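Visitor: First the structure, then my questions, so here it is.
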Amino acid sequence: MPDTKAAPRHASFVEITGDPNLPNVLLIGDSISMGYTIPTRERLKGRANVYRPFENCGPTSRGLAQLDEWLGDRKWDVIHFNWGLHDLRYVDGGDGLTEPGKGRLFTSVEQYKENLGKLVSRLKTTGAKLIWATTTPVPEGASGRKLGDAAIYNIAAAEIVNEPGITINDLHAFALPRLNELQLPRDVHFTQEGSAALADQVTAAILERLSE
């Protein structure tokens, strides 16, 4: 018989009870952000309530479909956000992951810019202080993605997010010289220690915006 047990929920999807006396922070992102959510929450304990959607926020197209739901009706003081690694993946005709050269990009660079522009416009209506996190590097040999594409998408994103009111947390530049130390081999994901190091950068960026 097939195994009907549901997969366990990721630890970052656990609902928290916020302190009404603290500012509210929202983290939006894919599995990389899921990895740094818990350590970021720990670092900001007593200083901010750190929330995230109870799912992988995936590509920009998923953001367009679900951003209103993720924002809800809570007042956000800071929103730290990223889309990229799911947009730059190579897929086959059925949108299944495939190798570069055998399929197409899930989201072209031009479509990515268009989608991101719409997402940023919506985020700005919240009145929150916004932090764009650059997309972390794709290493050599990572399945379904090509070395160097993260940098290309980050350049495209910069054309959208480089405006007053948005600061940039350059996680790509932080991680790139330390991939052997922080990232899993031939994989876009980070080790536990790597996620903790990213959390340090995320925490610092959030605290800077909260202090303004």
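The values are calculated or read from the model by the stated rules, or taken from the named source; none is laboratory data. All of these numbers come straight from a predicted model, not from anything done at the bench. Here the Cβ positions follow ideal geometry from the backbone for every residue, glycine too, while neighbour counts run over all protein chains shown. For accessibility, only protein heavy atoms count, side chains too; no ligands or nucleic acids. Shrake-Rupley method; radii C 1.70, N 1.55, O 1.52, S 1.80 Å.
Visitor: Tell me the carbon and sulfur percent of the accessible area for the stretch 66-176, rounded to whole percent, probe radius 1.4 Å.
Guide: Ligands and nucleic acids excluded, carbon and sulfur reach 51 percent.
Visitor: Okay, which of the stretch 29-47 sit inside 16 Å, backbone N to the point 7 Å along the Cα-Cβ direction of Asn21?
Guide: What the label zone holds, given the 16 Å backbone N cut-off, is 45-47.
Visitor: Separate question: Over the chain, average the accessible area per residue using a 1.4 Å probe and give it in Å², no decimals.
Guide: With all protein chains present, the chain gives 50 Å² per residue.
Visitor: Measure nothing fancy, just the Cα-based angle from helix 149-161's long axis to the longest principal axis of the chain, in degrees from 0 to 90, nearest 10.
Guide: Relative to the chain, helix 149-161 is tipped by roughly 40 degrees.
Visitor: OK, next. Can you list the equivalent-ellipsoid semi-axes of the chain, largest first and in whole Å, using the square root of 5 times each Cα gyration tensor eigenvalue?
Guide: Values for the chain, descending: 26, 20, 18 Å.
Visitor: Cross-link candidates for Lys118: which lysines have Cα within less than 21 Å, leaving aside residues fewer than 8 places away along the same chain?
Guide: Of all the lysines, those that pass the test against Lys118 - Cα under 21 Å, at least 8 places apart if same chain - are Lys75, Lys129.
Visitor: How large are Rg and Dmax for the stretch 1-123 when calculated on the C-alpha trace, in angstrom?
Guide: 16.6, 52
Visitor: Here's a follow-up. Taking H placed 1.01 Å from N in the peptide plane, check which residues at least 5 places from Gln183 or on another chain put their amide H under 5 Å from its amide H.
Guide: Thr191
Visitor: Loop-only check: which trypsin sites (Lys or Arg not before Pro) in the stretch 12-99 are DSSP coil with at most 14 other Cβ within 10 angstrom?
Guide: Sparse-neighbourhood loop trypsin sites (Lys or Arg not before Pro): Lys45, Arg74, Lys75.
Visitor: Using amide H atoms built 1.01 Å from N in the peptide plane, name the residues 5+ places from Lys129, or on other chains, whose amide H lies under 5 Å from its own.
Guide: Val78, Ile79
Visitor: Next question. Output ³J(HN,Hα) for the stretch 40-49: one whole-Hz value per residue in order, computed from phi by the Karplus curve 6.51 cos²θ - 1.76 cosθ + 1.60 with θ = phi - 60°, and x for Gly and Pro.
Guide: 5, 4, 5, 5, 9, 4, x, 10, 7, 8
Visitor: If you don't mind, another one. So, R0 is 30 Å and r is the distance between the beta-carbons of Leu207 and Ile152; what FRET efficiency does that work out to, to 0.05?
Guide: E(calc), rounded to 0.05, equals 0.50.
Visitor: Quick check: with the 1.4 Å probe, what order do Ile16, Ile206 take by accessible area, largest first?
Guide: Reading off the accessible areas and sorting them downward yields Ile16, Ile206.
Visitor: Continuing with this model, one more query. Pick out which of Gly72, Gly165, Gly103 has the largest mean-square fluctuation in a Gaussian network model of the chain, springs linking Cα atoms closer than 10 Å.
Guide: Gly72
Visitor: A further question on this structure: May I ask you to evaluate 6.51 cos²θ - 1.76 cosθ + 1.60, the Karplus curve with θ = phi - 60°, for each residue of the stretch 77-92 and list the ³J(HN,Hα) values in order in whole Hz, giving x for glycine and proline?
Guide: So the J values, rounded to whole Hz, are 8, 9, 10, 9, 9, 7, 9, x, 5, 7, 6, 8, 7, 9, 10, 8.
Visitor: Spin-label point model (7 Å from Cα, Cβ direction): what's the Asp200 to Gln111 distance in nm?
Guide: My value for the distance between the label points is 3.9 nm.
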